[in-house]
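Here's the structure, in structure tokens; my notes come after.
Read the figures in this text as sums done on the coordinates, not as results from a lab. This structure is a prediction, so every number in the text was calculated from the model and none was measured. Positions of Cβ are generated from backbone atoms using ideal geometry, with glycine treated the same way; all protein chains shown enter the neighbour counts.
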Amino acid sequence: MSKLSSQLLMLKGFLWIFIFLGLGELINYALDIPIPGNILGMLLIFIALKLNIIQLKTLKPASDLLLKYMVLFFVPYGVGLMSYYDFIESYWVILSVAAVFTTLITLYITAIIQQKMERHD
Amino acid sequence: MIELYKFSIFGIVLTLIAFFGALALREKLKFVLFNPVLIASAAIILVLVLSDISFADYNKGGKYLSFFLSPAIVALGVLFFEKYKVIKHNMYPFIMAVCSGGIISILCVSILTIIMNAPEVIIKSIVPLSVTTPIAIEITKMTYGIPSITAGVVIAVGIFGNAIGPGFLKFVGIKSKTAIGTALGTAAHGIGTARAIEIGPLPGAYSGLAMCVNGVLTTLMAPHVVVWIISYVSSS
């Protein structure tokens, strides 16, 4: 594939992803359901692929690029923690105990159930 | 002197330098706490505090980067379709694992906050702590908590799960990479999923779908649990 056509494919993929994001936001807004637009967009794009409305090869370059840098997009939220400094200072013991124990127990229960029940073939 | 930090390019460039610096650091030193999100966020906070720049000024640029989180979540749907055939035969254990994990998460955080006598506003704000930030904030709005506290705790949980999760699970005897992926997505939402994608595309697919399923499950359950705890605490 030439460089230009692979770039066009990337652009097309991004366009589709944003169309589904917009659809998700629209449904969230119009039907007033408490599931955010991006999660609805994720479900819709899966359904569209399953029903063969769009091809996987059209979306793959753009979606792979977005997923590769997904961690980067969280950094500004991480920096945002600095705004809650006073609150965290007052309640950090309760918040950390609740967060750490809940996360570890949830990780363990989920992983052990999946590991015990899943089939490898 | 022109105040460079007033421009949105400041936040973007600072984040990119911190992030790719953190990636390079982890390449050199393979240590669990050298997690790119953790190191980059800490480095940026340090720069901002030392040079007396507010988060609002930083986020003028930062918000352009966090904006891409939404299309990245949509892209998880594409990844899931790609891996769907591989997951299909394990659908039942997968759903069982995510639902158990999601319910345990809500119960555990509820019981802990009751035992520690947490103020009502904390209970209302942190019950959805395992799910992805946008969903957690929606839930907090339904329970009348403070969304910014939710966001802070949810991100902290994500970074914690991302940095500690795989090591902890190996330590307690989990060998299956797909089980680690499912657990990361259930307990630590998108930031955990980002780690699962680093482990491999298949754990990444399990993790992304786990995040989605648990997000919907928690949306349906958490508001009722909060109402129940509040009435329990105020009646005892």
Whole-angstrom gap from the stretch B:50-112 to the stretch A:47-73, using each part's C-alpha centre: 16
Contour excess over end-to-end distance, with Cα ends at B:Ile9 and B:Asp52 and 0.36 nm allotted per residue: 13.7 nm
Nearest-20 debye value, the stretch B:1-98 charge dipole, Cβ charges on Lys, Arg, Asp, Glu: 440
Proximal lysines to A:Lys3, defined as alpha-carbon separation beneath 26 angstrom and excluding residues fewer than eight positions away on the same chain: A:Lys12, A:Lys57, A:Lys60, A:Lys68
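Only counting other Cβ atoms within 10 Å, I'd like B:Arg195, A:Arg119, B:Arg26 sorted with the fewest neighbours first. Don't skip to the answer; put the middle values down first.
Working: B:Arg195 28, A:Arg119 8, B:Arg26 16.
If I rank by nearby Cβ atoms, fewest first, I get A:Arg119, B:Arg26, B:Arg195.
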Sorted by Cβ density within 10 Å, fewest first, the residues B:Lys88, B:Lys83: B:Lys88, B:Lys83
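Please label the shape of chain B as rounded, prolate or oblate, based on the square roots a ≥ b ≥ c of the eigenvalues of the alpha-carbon gyration tensor (a/c under 1.5 means rounded; beyond that, a/b larger than b/c means prolate, else oblate). Please report the intermediate quantities before stating the final value.
Values: a/c = 1.84, a/b = 1.18, b/c = 1.56.
It comes out oblate by the Cα gyration axes.
Could you work out the local net charge near B:Val49, counting Lys and Arg as +1, Asp and Glu as -1, over the other residues with Cβ closer than 15 Å to its Cβ? The partial results should precede the final answer.
Values: positive: none; negative: A:Asp86, A:Glu89, B:Asp52, B:Asp57.
Charge balance near B:Val49 sits at -4.
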Rough spin-label spacing in nm, given labels placed 7 Å along Cα→Cβ, for A:Asp32 and A:Leu4: 5.1
Anchor A:Lys50: aspartates and glutamates whose Cα lies under 17 Å away (excluding residues fewer than 8 positions away in-chain): B:Glu82
About the Cα centre, charge dipole magnitude for the stretch A:45-121 (Lys/Arg +1, Asp/Glu -1 at Cβ), debye: 480
Lys/Arg +1, Asp/Glu -1 at C-beta; the protein assembly as shown dipole; positive extreme among A:Thr103, A:Leu49, B:Ile111: A:Leu49
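Would you mind calculating the gained length between B:Leu220 and B:Ser148 on full extension (0.36 nm times residue separation, minus the Cα-Cα distance), in nm to one decimal?
Numbers: separation 72, 0.36 × 72 = 25.92 nm, distance 2.11 nm.
My answer for the length gained is 23.8 nm.
If you take every residue apart from A:Ser6 with its C-beta less than 13 Å away from the C-beta of A:Ser6, what net charge results, scoring Lys and Arg +1 and Asp and Glu -1? Walk me through the intermediate numbers first.
On the way: positive: A:Lys3, A:Lys12, A:Lys57, A:Lys60; negative: A:Asp64.
Net charge around A:Ser6: +3.
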Reach of B:Lys141 by Cα under 24 Å, taken over lysines that are not fewer than 8 positions away in the same chain: B:Lys63, B:Lys124
Assigned charges on the beta-carbon of Lys, Arg, Asp, Glu; the protein assembly as shown dipole about Cα centre (debye): 1220
